[in-house]
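What follows is a set of notes on a single structure, which appears directly below.
Nothing in this text is a laboratory measurement; each read-out follows from the coordinates by a stated rule. This structure is a prediction, so every number in the text was calculated from the model and none was measured. Glycine gets a Cβ as well: all are built from the backbone with ideal geometry, and neighbour counts include every protein chain shown.
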Amino acid sequence: MTRLRVMTYNILRGGRRGQPLHEVVRAVSPDVLLVNESPKRPLRWRRDCRHLADRWDLRYVAGGRPAGSNLLAVARAIGVKSTRAEVLSQPWTAPRRGIVAAQLHVRGRLLGVVGCHLSLDRERRRHEVARVLEVAGELRGPVIVAGDLNETPDGHAWAALRRAGFIDHGGSDWRTFPSDDPDRRIDAVLVRGAAEVLHHGDPGLAPELLAAASDHRPVLVELDV
């Protein structure tokens with residue numbers, strides 16, 4: 001078995017809170033990091049995304065502006081077979097939304113990952129999660145879907161993911177928003193396939209640091225694949 005630490009994190013407008021954010025990611029030291037609200041400035045997004053990954057001692061893989069501000073970064077020992085980035089259609093006044101995905105390999109084992117940031121609008125989320133599932137269906141091995149779903153676990157997007165075989169190992173003991181006094185869980189890591197989840201939720205850091213780093217708290221999952 002191969003043990004991995006996978007984290008999803010909405011980092012707030014490109015990581016604008018700086019040092020506390022970097023302290024969180026470096027302290028957790030994930031093998032796979034799926035980011036929402038990554039840098040998206042025209043012409044500079046790629047450089048900014050790579051700079052963030054470097055600050056975290058990770059390797060930028062895919063995402064940024066072409067993925068609707070979702071980003072994927074991995075530890076240097078993780079192999080990458082293929083990547084995907086796409087923007088989800090939105091009204092012109094709405095924030096960018098999108099999907100980043102990759103087929104990874106870890107010590108000869110395949111792992112699929114999909115990062116997403118769904119709309120604030122309930123009806124648009126219905127269409128967006130359907131596209132997330134299409135992308136996830138093209139990946140091999142255990143597959144992880146992670147990101148800011150912008151709804152609580154009783155919402156349609158979570159239900160659609162569960163119907164498709166993705167398992168939510170979380171509970172009400174780890175809430176993610178707002179970070180200073182969280183009262184709801186809207187950030188998710190769901191897993192489908194041959195993977196044993198050993199831990200879900202709390203990254204084990206001080207609440208004061210998490211509140212300073214972003215308006216969301218991260219979700220950490222440790223698993224054997």
GNM top mover of Ala53, Ala164, Ala206 - the chain, alpha-carbon springs below 10 Å: Ala206
For the stretch 8-107: rounded, prolate or oblate by the Cα gyration tensor [a/c cutoff 1.5]: oblate
Total charge dipole magnitude, the stretch 7-138, about the Cα centre, Cβ charges on Lys, Arg, Asp, Glu only, Debye to nearest 20: 360 debye
Where labels lie 7 Å past Cα in the beta-carbon direction, separation of Glu138 and Leu12 in nm: 3.4 nm
Label-point separation in nm, Arg162 to Gln19, each point 7 Å along Cα→Cβ: 4.3 nm
Zone residues, the stretch 152-169, relative to Leu198, backbone N less than 20 Å from point 7 Å out along Cα-to-Cβ: 167-169
Listed values (i) 38, 38, 37; (ii) 48, 45, 35; (iii) 64, 38, 30, entry calculated as Cα extents along the principal axes in Å: (i)
